[in-house]
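Notes for the one structure printed next.
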Amino acid sequence: MPLIKGDQITEDPWVYADDEDELPSGDVVVHLERWEKDKDSLRSRNGKLGLILRSDQSPELVADDLAAFDLIALDFPAFKDGRAFSYARMLRERFAFEGEIRAVGDVHRDQLFFMHRCGFDAFEVENAAVLQDWLEAAREFTSVYQPALDAKQSVLRLRHHTKKAAE
Amino acid sequence: MYRYDEFDRTIVDERVKQFRGQVARRVSGDLTEEQFRPLRLMNGLYLQLHAYMLRVAVPYGTLSSKQMRMLAHIARKYDKGYGHFTTRQNIQYNWPKLEEVPDLLADLATVEMHAIQTSGNCIRNVTSDQYAGVAAGEIEDPRVYCEIIRQWSTFHPEFSFLPRKFKIAVTASEDDRAAIRVHDIGIQLVKNAAGETGFRFFVGGGLGRTPVVGPEINSFVKKKDLLSYLEAILRVYNQLGRRDNLYKARIKILVRSVGTGEFAEMVDKEWQFIKDGKYDLPQDEIDRIKAYFAPPAYETLPATDATLKDKIEANADFAAWVKRNVAEHKVPGYGIVNISLKPIGGIPGDATAEQMEVVADLAEKYSFDEVRVTHEQNLVLPDVKKSDLFVVWEALSASDMGTSNLGTITDMISCPGLDYCNLANARSIPVAQRISERFADLSRQHDIGDLKVKISGCINACGHHHVGNIGILGVDKKGQEFYQITLGGSATEDASIGKILGPAFSYDEIVDAVEKVVDVYLEHRAPGEAFLGLVDRVGLDPFKEKLYAAH
C-alpha cells in the first residue's frame with residue numbers, strides 16, 4: 001500500500017505481522033492481541049515495534065506500554081467510522097506519544113485535512129498516482145477555528161493575538 | 001447580528017471551492033455516487049424522491065434582509081420559486097440541479113451564508129430561541145454562544161464523523177422556545193448563587209424512534225469552559241456511541257445505556273484532561289461577538305401606543321392578529337411580530353420568493369433589518385414599533401402571511417413526508433392541509449386556543465410528533481397510509497413525550513379523529529385549562545371513548 005508521509009510517497013519500512021506467524025526481522029507492526037500475548041519477547045527483539053489498533057480498541061488499553069512503540073496505526077474500517085480521530089488526539093495530547101501515527105484502512109482524500117489536524121502524520125492510500133490531489137486536499141483550508149495538533153494557529157488565537165500585538 | 005471577519009469569509013469561500021471540485025469530480029465520473037454521497041451530505045445535499053434537495057444553514061435562525069433577499073433569489077434562480085423553512089431554523093430547496101449547486105453556494109457566500117454541516121453525521125446548525133435578544137427576562141442573548149459554538153463546530157477535525165448527527169440548541173430564557181430538552185445537547189444560560197452567568201447542560205434528548213427528554217448532566221459550567229466541556233462530551237460520544245446500528249447511534253442511547261450519572265462522570269473525567277488549557281474560551285472573543293449582538297438603537301417610547309389602540313378597536317381582524325401573533329417585547333413601545341407561514345390550507349413552512357422579499361422589505365423598514373426563523377416553521381420580525389404594527393400587518397396580509405393563528409391548531413409543524421422524502425411512509429403535508437381547512441374558521445381556532453399539532457410522515461419524527469399536544473405519525477399498513485395519534489406531548493420547559501391513543505386511523509379518517517380529540521377537549525376543559533392540563537387531569541380515557549367507541 002503506498003504511504004504518504006511528509007508530503008510525499010515514501011518507502012514503507014514497516015511489515016505487518018500476522019498473529020500466529022513467526023515475526024519477520026526488521027520493523028514490525030503487531031495487533032493488540034499479539035502484543036498482549038507476547039509482550040516480553042516483543043520487547044526484547046531487535047528492530048522497531050509498531051501497534052495496529054482496530055477502531056474498537058482505544059489507545060487507553062496500552063497507555064502504560066506506549067514507550068514500546070515507534071508507530072501506532074489506527075484503522076478506519078469505513079470512512080464514516082470516526083473513532084480514530086479521537087484516538088489520535090488522545091495519543092498526542094494525553095499520552096504525549098511522539099512516534100508515527102498512521103491512518104490505515106478506508107482512508108479518503110477528503111479526510112486528510114482532518115486527520116492531519118488530529119495528529120496523524122502518515123497515511124496509507126490506495127493510489128499513489130493521485131498524490132498531488134491528496135496534497136491539495138490536505139491544504140484546502142487556510143483558516144481553522146479549533147486549536148488542534150497541526151501547525152495552524154486557530155482563528156481564535158489569530159484574532160486576539162494579532163489584536164493584542166497591534167495595541 | 002454577527003458579521004464575518006476575514007477568517008470566517010475565507011473558510012466559507014474555501015468551502016465553496018472545495019465543493020465545486022467535488023461536484024466536478026462527480027460529474028466527470030471520477031467519483032461514483034457512493035463515493036460522492038458522504039461528501040455531498042457534509043454539505044446539506046440530499047438525493048430525495050424526485051431530485052436533489054439542498055439545505056441551507058440559517059445559524060440560530062437569524063437573517064438580515066439582504067440574506068433573506070438572497071434566499072428569494074436562490075428560490076427563483078435555482079429552484080421553482082419557493083423554499084421550505086425547517087424545524088431546525090434552516091431553509092430547504094427541493095429542486096436544485098447538481099451542476100448548479102456550486103454556483104448557488106457561491107451566491108450564498110456573498111451574503112455570509114453556507115450549507116456547511118446541514119446534514120451528515122456531524123455537529124449540525126446550532127439552534128436557538130427565536131425571541132433571543134428581545135424577550136423580557138432573558139439572562140443574555142444566547143446567540144452570542146450559538147455563534148461561538150457555530151465556529152467551534154465548523155469543520156471540527158475530530159467530530160466530523162460521529163456515530164450519528166448531532167444537534168445542539170441554546171436558550172437563555174425560562175420559557176423554552178427552542179425545545180432544548182429534545183436535542184443531543186441542550187444548553188440553558190443560568191446564573192449561579194454567586195451571580196455569575198454560566199451554562200446548564202442537558203444531554204441525550206431527542207425524538208426519532210426512541211423519544212427521550214434529555215437529562216441534566218451539569219448544572220453550571222463556567223463561560224470560559226464552554227468549549228472544553230463540549231469537547232469532552234463529544235469525545236466520549238465519538239468513542240463510545242454505537243456504530244453498529246443506525247437507530248441506536250444517537251447520544252441519547254449511550255446516555256441511557258450507561259446511565260446519566262455514569263455518563264456525567266465519564267464526561268467529567270475527559271474534561272479534567274483538557275480543562276484550563278487551549279480550549280478556554282477567551283473573554284476577548286465573547287466580547288468581540290457580543291458587540292455584534294448589541295441591542296439596536298431603540299427609541300424611547302411609551303409602553304402603549306394610542307394609534308395602535310384605535311386600530312385595534314376599529315378592526316377586529318387586526319385586533320385578533322395582534323392578540324395572537326404579536327408577543328411582548330422587552331423594550332416599551334415595541335412588539336415581536338410572528339409571521340405565520342401556515343395560511344389556511346397551505347404547506348407549513350413554505351414561502352415563495354415574493355413572500356421572502358416582502359419579509360425582507362418589512363425587516364429593513366420596520367425591524368432593524370432582522371428576521372428570525374422559528375423551529376415551528378414561522379418567521380419573526382423581532383423589533384417592530386407598536387405604531388408600525390398596522391402597516392406591517394396589512395403588508396403581510398396582502399401576501400398571505402397575516403393569518404392570526406400563531407400557536408393555534410392550524411399552526412402545525414409538518415415534515416415534508418412522502419411528497420418529497422424517500423424515508424417517509426406516509427404523506428404529511430396533505431394531512432396538515434386538510435386539518436387546516438377543517439379548522440379554517442379563525443374564531444373557532446381562537447376559541448380552542450393554544451394547541452400544538454405536529455405531524456411526521458415516518459418514525460424518524462422530523463415533524464416532532466412525539467412532542468405535539470396532538471401528535472400524528474404516518475405509518476404504512478400493507479401499502480396503505482395510516483396515522484397514529486399521540487396526546488400530551490410538549491417541547492417546552494415542561495417537555496414530555498406524548499402517549500399513543502390507540503389504533504391508527506386511515507388517511508380518510510384522520511381529520512375526523514383530530515376533530516373528535518378537540519371536541520373532547522372543549523367539552524371537558526375547565527375555564528382556562530390548557531390541553532396538556534386536561535390530559536394530565538383526566539388521562540386518555542375520555543378521548544379513547546370518543547374516538548374508539550363507534551369502532
Quiz prompt | the protein assembly as shown pair-distance distribution - Cα-Cα, 20 Å bins, rounded % | solution = 17, 48, 28, 6, 0
Exercise. Would you calculate the separation in nanometres between label points at A:His160 and B:Lys330, each defined as 7 Å from the Cα along the Cα-to-beta-carbon direction?
Key: 2.4 nm
Exercise. Could you please tell me the mean projected area of the C-alpha convex hull for region B:134-290, averaged over all directions and given in square nanometres to one decimal?
Key: 9.4 nm²
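Can you give the % of DSSP beta bridges in the protein assembly as shown that are antiparallel, to the nearest 5?
Within the protein assembly as shown, antiparallel bridges account for around 65 percent of the total.
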Quiz item: Please report, for the Cα atoms of region B:6-109, the Rg to one decimal and the Dmax as a whole number; what are they, in angstrom?
Solution: 13.6, 40
Quiz item: Pulled fully out, how much extra length does the chain show between B:Asp512 and B:Arg20, if you take 0.36 nm times their separation in residues and subtract their Cα-Cα distance?
Solution: 172.1 nm
Self-check item: Cα centroid of region B:480-551 to Cα centroid of region A:90-139, whole Å
Solution: 55 Å
Quiz item: Considering the protein assembly as shown, which cysteines have no disulfide-compatible partner, defined as another cysteine with its Cβ under 4.7 Å away?
Solution: A:Cys118, B:Cys122, B:Cys146, B:Cys421, B:Cys458
Practice problem: Mind running the shape call on chain B? Use the C-alpha gyration tensor, a ≥ b ≥ c as the square roots of the eigenvalues: rounded below 1.5 for a/c, prolate if a/b tops b/c, oblate otherwise. | Solution: rounded
Practice problem: Grab the beta carbon distance between A:Tyr16 and B:Ser219, set R0 = 35 Å, and tell me the FRET efficiency rounded to 0.05. | Solution: 0.10
Quiz item: Assuming R0 = 35 Å, what is the FRET efficiency of B:Lys544 and B:Asp450, from their Cβ-Cβ distance, to the nearest 0.05?
Solution: 0.90
Quiz item: Which aspartates and glutamates, on any chain, are close to B:Lys311 with Cα under 15 Å apart, when same-chain ones fewer than 8 places away are left out?
Solution: B:Asp388, B:Glu394
Quiz item: For a paramagnetic label modelled at 7 Å from the Cα of A:Glu126 toward its Cβ, which residues of region B:1-36 fall within the zone defined by backbone nitrogen distances under 13 Å?
Solution: B:30-36
Self-check item: Theoretical gain in end-to-end length, B:Thr304 to B:Ala194 [0.36 nm per residue, Cα-Cα removed]
Solution: 35.9 nm
Exercise. For region B:210-296, just the Cα set please: Rg and Dmax, both in angstrom.
Key: 15.8, 50
Self-check item: Links that overshoot a 20 Å alpha carbon limit, given the list B:Lys223/B:Lys278; B:Lys342/B:Lys386; B:Lys222/B:Lys278; B:Lys224/B:Lys275; B:Lys323/B:Lys452
Solution: B:Lys342/B:Lys386
Practice problem: Order by neighbour count: B:Trp321, B:Trp393, A:Trp134, fewest other Cβ atoms within 10 Å first, most last. | Solution: A:Trp134, B:Trp393, B:Trp321
Exercise. Determine which lysines satisfy two conditions relative to B:Lys17: a Cα distance under 28 Å, and not lying fewer than 8 residues away in the same chain.
Key: A:Lys5, A:Lys80, A:Lys152, B:Lys66, B:Lys77, B:Lys80, B:Lys97, B:Lys165, B:Lys167
Exercise. Quick one: grab Rg to one decimal and Dmax as a whole number for region A:1-76, Cα atoms only, in Å.
Key: 12.6, 36
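Every read-out reported here was derived from the displayed coordinates using simple, explicitly stated rules and does not represent laboratory data. Not measured: the values here are computed from a predicted model. We place every Cβ from the backbone using ideal geometry, glycine too, and count neighbours over all the protein chains shown.
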